[in-house]
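Right, one structure below, let's go through it.
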Amino acid sequence: MQSLRKKFPVLNQCLYANTAATGLLSEDLMEWRQGHDLDYLIGGSDMKAKSFERMPQIKDTVGKFFQCKAENVALVPNFSLGLNMLLEGLPKDQRVLLLNNDYPSLNWPFETRNFPREYVEMDERMEEHILEKVKTGKFDVLALSLVQWINGIKIDLDFLKQLKKDHPDLLIIADGTQFCGTQDFSFKDSGIDVLLASSYKWLLAGYGNGFVLVKDGAKDRFDLKTIGNGSVDRDASKRENIPFGKYLEPGHLDSFNFGSLQFSLDFLDDIGMQHIESHLDKLSQKAKSEFMELDLLEEAVAKRQGHSTIFNIKGDERLFNKLSKEEVVCALRGNGIRLSFHFYNTEEEIETIAKLLKN
């Protein structure tokens with residue numbers, strides 16, 4: 001992983017612990033983008049017309065990376081827009097179970113549409129709370145982030161798989177924005193029915209691109225309403241036979257943004273997601289150990305077995321400013337300071353942060 005750091009020049013200027021806010025741009029992706037826009041500069045509409053023909057290839061790349069059939073992949077500008085389009089097709093009598101204080105772009109769309117809903121607490125017994133609620137038979141939908149944006153709490157994927165097996169009628173909708181790009185993941189083998197994600201964080205694909213993955217069995221739960229010329233690939237004869245995913249693609253798909261997504265997925269695939277996952281596990285264990293020793297973690301995080309590489313440590317704006325002065329890039333989130341580490345981070349950097357905190 002050390003050699004990969006050279007591809008991210010910003011790492012020469014700071015200790016970057018803020019991928020949970022924005023993933024870094026690599027030199028390789030920048031060069032691809034420059035080539036793309038040079039082709040656009042020279043080729044004009046001809047280049048763009050050809051780029052539309054590449055969208056099925058991009059969906060195929062997404063599908064292979066996450067083990068989802070290409071026809072069940074939809075390309076969307078970001079998670080938030082994708083979820084709002086999806087919920088326009090979900091019957092309003094569906095009873096929804098959410099996590100308290102989950103990402104606003106996940107909870108708010110359900111709340112503003114007044115779905116009947118309840119919440120469970122996000123703590124060390126989160127999975128038990130969810131199971132207790134689901135066993136009552138009162139819920140049609142469970143919607144949650146796989147990794148929590150503020151404190152990095154990560155849902156047990158094996159739990160979701162068993163939950164779906166035991167309650168096959170429960171529709172499980174997941175936000176993968178803080179998860180996708182952190183470990184090897186098979187959508188088809190998971191308990192998740194619909195996975196949506198923006199790609200500018202851990203997938204390092206830049207802004208303006210994301211995706212929706214859906215299982216065949218979940219499609220009948222929605223009556224999608226969004227539609228446009230992009231839904232029929234500018235062929236009006238297809239109006240009466242639109243595939244599920246194309247309702248989520250009513251407008252044009254930009255070759256710059258979605259080409260960046262394809263490039264980044266190929267980049268991560270070349271590194272090997274198993275290698276990335278192994279390195280992130282080491283960083284997670286190292287950071288949790290250091291921060292627990294300093295008593296900087298909330299009880300819910302300290303008591304859970306598995307965790308992501310996102311940590312929210314106790315601290316105020318004064319401490320945040322001190323870290324910033326020492327060139328540590330992080331973020332004020334919730335009641336503390338959020339630090340997040342990707343494969344371009346090292347255990348030595350975590351030790352450096354711990355020493356600053358001890359002082």
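The values are calculated or read from the model by the stated rules, or taken from the named source; none is laboratory data. Everything numeric in this text was worked out from a predicted model, so none of it was measured. Methodologically, a virtual Cβ is constructed for each residue, glycine included, from the backbone with ideal geometry; neighbour enumeration extends over all protein chains shown. Note: areas computed on protein heavy atoms with side chains; ligands, DNA, RNA excluded. Shrake-Rupley method; radii C 1.70, N 1.55, O 1.52, S 1.80 Å.
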Quiz item: Which residues, counting only those in the range 300-320, are outside any strand (DSSP E or B), in contact with a Ser or Thr (Cβ under 8 Å, 6 or more places away or on another chain) and among the hydrophobic types (A, V, I, L, M, F, W, C)?
Solution: none
Quiz item: So GLU298 clears everything in (1) under 21 Å from the mean Cα position of the chain (by Cα); (2) more than 28 Å from SER186 (Cα to Cα); (3) of a type outside the set (Phe, Trp, Tyr) except one condition, right? Which one?
Solution: (1)
Self-check item: Selected residue (only one of ASP254, ASP270 is closer than 20 Å to GLN183 by Cβ and more than 18 Å from the chain's Cα centre (by Cα))
Solution: ASP270
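In this structure, is LYS325 over 19 Å from ARG5 (Cβ atoms) and not aliphatic (A, V, I, L, M)? Let's see the steps before the verdict.
On the way: over 19 Å from ARG5 (Cβ atoms): yes; not aliphatic (A, V, I, L, M): yes.
Considered against the rule, which asks whether it is over 19 Å from ARG5 (Cβ atoms) and not aliphatic (A, V, I, L, M), LYS325 comes out as yes.
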Quiz item: Can you tell me how many residues in the range 61-92 are more than 17 Å from PHE244 (Cβ to Cβ) and either over 15 Å from the mean Cα position of the chain (by Cα) or assigned to a loop (DSSP other than H, G, I, E, B) (or both)?
Solution: 6
Exercise. Look at the range 313-341 and say how many of its residues are under 20 Å from the mean Cα position of the chain (by Cα) and of a type outside the set (A, V, I, L, M).
Key: 6
Quiz prompt | Single condition ALA205 does not satisfy, out of (1) open to solvent by 20 Å² or more (accessible area, probe 1.4 Å); (2) under 15 Å from the mean Cα position of the chain (by Cα) | solution = (1)
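Among the listed residues ASN72, ASN84, identify the single one that is of a type in the set (S, T, N, Q), touching a residue at least 24 places away in the same chain (Cβ under 8 Å) and in contact with a Pro (Cβ under 7 Å, 6 or more places away or on another chain).
Values: ASN72 fails: in contact with a Pro (Cβ under 7 Å, 6 or more places away or on another chain).
Just a single option satisfies the conditions, and that option is ASN84.
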Quiz item: Do we have any residue at all in the range 10-19 that's within 17 Å of the chain's Cα centre (by Cα) and within 19 Å of GLY176 (Cα to Cα)?
Solution: yes
Quiz item: Quick one: how many residues across the range 14-28 are touching an Asp or Glu at 6+ places or on another chain (Cβ under 7 Å) and part of a loop (DSSP other than H, G, I, E, B)?
Solution: 1
Quiz item: Looking at this structure, is LYS48 within 13 Å of SER255 (Cα to Cα) and touching a strand residue (DSSP E or B) at 6+ places or on another chain (Cβ under 6 Å)?
Solution: no
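Residues in the range 281-291: is at least one among the aromatic types (Phe, Trp, Tyr), touching a residue at least 24 places away in the same chain (Cβ under 8 Å), farther than 16 Å from ASP123 by Cα and not in a helix (DSSP H, G or I)?
First pass over the range 281-291, keeping only residues among the aromatic types (Phe, Trp, Tyr): 291.
Filter again for touching a residue at least 24 places away in the same chain (Cβ under 8 Å), leaving 291.
This time we only want the ones that are farther than 16 Å from ASP123 by Cα, so: 291.
Still in the list and also not in a helix (DSSP H, G or I): none.
Within the range 281-291, none of the residues are among the aromatic types (Phe, Trp, Tyr), touching a residue at least 24 places away in the same chain (Cβ under 8 Å), farther than 16 Å from ASP123 by Cα and not in a helix (DSSP H, G or I).
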Quiz item: For the range 218-277, what are the residues that are in a loop (DSSP other than H, G, I, E, B), closer than 17 Å to VAL62 by Cβ and among the aliphatic types (A, V, I, L, M)?
Solution: LEU253
Exercise. From LEU332, LEU296, LEU280, grab the single residue that is more than 24 Å from PHE159 (Cα to Cα) and either in contact with a Lys or Arg (Cβ under 7 Å, 6 or more places away or on another chain) or crowded, with 18+ Cβ neighbours inside 10 Å (or both).
Key: LEU296
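How many residues are of a type outside the set (D, E, K, R) and part of a loop (DSSP other than H, G, I, E, B) when one looks only at the range 321-359? Walk me through it before giving the result.
Applying the first criterion (of a type outside the set (D, E, K, R)) to the range 321-359 yields 321, 323-324, 328-332, 334-337, 339-346, 350, 352-354, 356-357, 359.
Now drop any that are not part of a loop (DSSP other than H, G, I, E, B), which leaves 330, 334-335, 341-346, 359.
Qualifying residue count for the region: 10.
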Practice problem: Output the number of residues of the range 34-60 satisfying the condition of being part of a helix (DSSP H, G or I), basic (Lys, Arg), surrounded by fewer than 17 Cβ atoms within 10 Å (Cβ to Cβ) and in contact (Cβ under 8 Å) with a residue 12 or more places away in the chain. | Solution: 1
